[in-house]
Amino acid sequence: QVQLVESGGGLVQPGGSLRLSCAASGTIFGIYTMGWYHQAPGKQRELVAAITSGGSSNYADSVKGRFTISRDNASNTVYLQMNSLKPDDTAVYYCNLLRRGVSYWGKGTLVTVSS
């Protein structure tokens, strides 16, 4: 089993920054991808950014140039640095780990961008 615990959400003003963290624990080995998804009220969960074990990353068009995903393989932790936040970024952010076609999810952390 794999457990994912997110932290770092909160309330921030437009233009501000937040850094999300997600620590993975449990039976973790081999090659896996970690990522962040977000889900705004009344909308579907969408990919924000993902990063492979080798460090290759991809981003949603809406966050390119503003968000940066990184990971520490030694501690099985993935980070999401979010800069220049906009009200449209308001959502619950979920951590995801994908390994051998099996997807694991954290419980989510709320990010609210508002003045």
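The values are calculated or read from the model by the stated rules, or taken from the named source; none is laboratory data. A quick note: this is a predicted structure, and the numbers were derived from the prediction, not measured. Positions of Cβ are generated from backbone atoms using ideal geometry, with glycine treated the same way; all protein chains shown enter the neighbour counts. Note: accessible area is taken over every heavy atom of the protein model, side chains too, but ligands, DNA and RNA are not part of it. Shrake-Rupley method; radii C 1.70, N 1.55, O 1.52, S 1.80 Å.
Residue by residue through region 15-48, note down the ones that are part of a strand (DSSP E or B) and either closer than 10 Å to Asn96 by Cα or without any contact (Cβ under 8 Å) to a residue 12 or more places away in the chain (or both).
Listed by number, the residues that qualify are Cys22, Ala24, Thr33, Met34, Gly35, Trp36, Tyr37, Leu47.
In region 89-107, how many are without any contact (Cβ under 8 Å) to a residue 40 or more places away in the chain and out of contact with any strand residue (DSSP E or B) (no Cβ under 8 Å at 6 or more places or on another chain)?
2
Got a number for residues in region 50-77 being in a strand (DSSP E or B), farther than 15 Å from Phe29 by Cα and β-branched (Val, Ile, Thr)?
Residues flagged as in a strand (DSSP E or B), farther than 15 Å from Phe29 by Cα and β-branched (Val, Ile, Thr) within region 50-77 amount to 3.
Among the residues of region 78-107, which ones are in a loop (DSSP other than H, G, I, E, B), over 13 Å from Arg19 (Cβ atoms) and of a type outside the set (Ser, Thr, Tyr)?
Lys86, Arg100, Gly101, Gly106, Lys107
Test of understanding: among Val12, Val2, which residue is surrounded by 14 or more Cβ atoms within 10 Å (Cβ to Cβ) and more than 24 Å from Gly101 (Cα to Cα)?
The unique qualifying residue is Val12.
Can you list residue pairs whose Cβ atoms sit under 9 Å apart, with the first residue in region 58-83 being more than 15 Å from Gly9 (Cα to Cα) and the second being open to solvent by 50 Å² or more (accessible area, probe 1.4 Å) and part of a helix (DSSP H, G or I)? Count only pairs 6 or more apart in sequence or on different chains.
Ser62/Asp88
Please go through region 26-66 and give me each residue that is in contact with a Lys or Arg (Cβ under 8 Å, 6 or more places away or on another chain), loosely packed, with under 15 Cβ neighbours inside 10 Å and within 21 Å of Val92 (Cα to Cα), ordered by number.
Gln39
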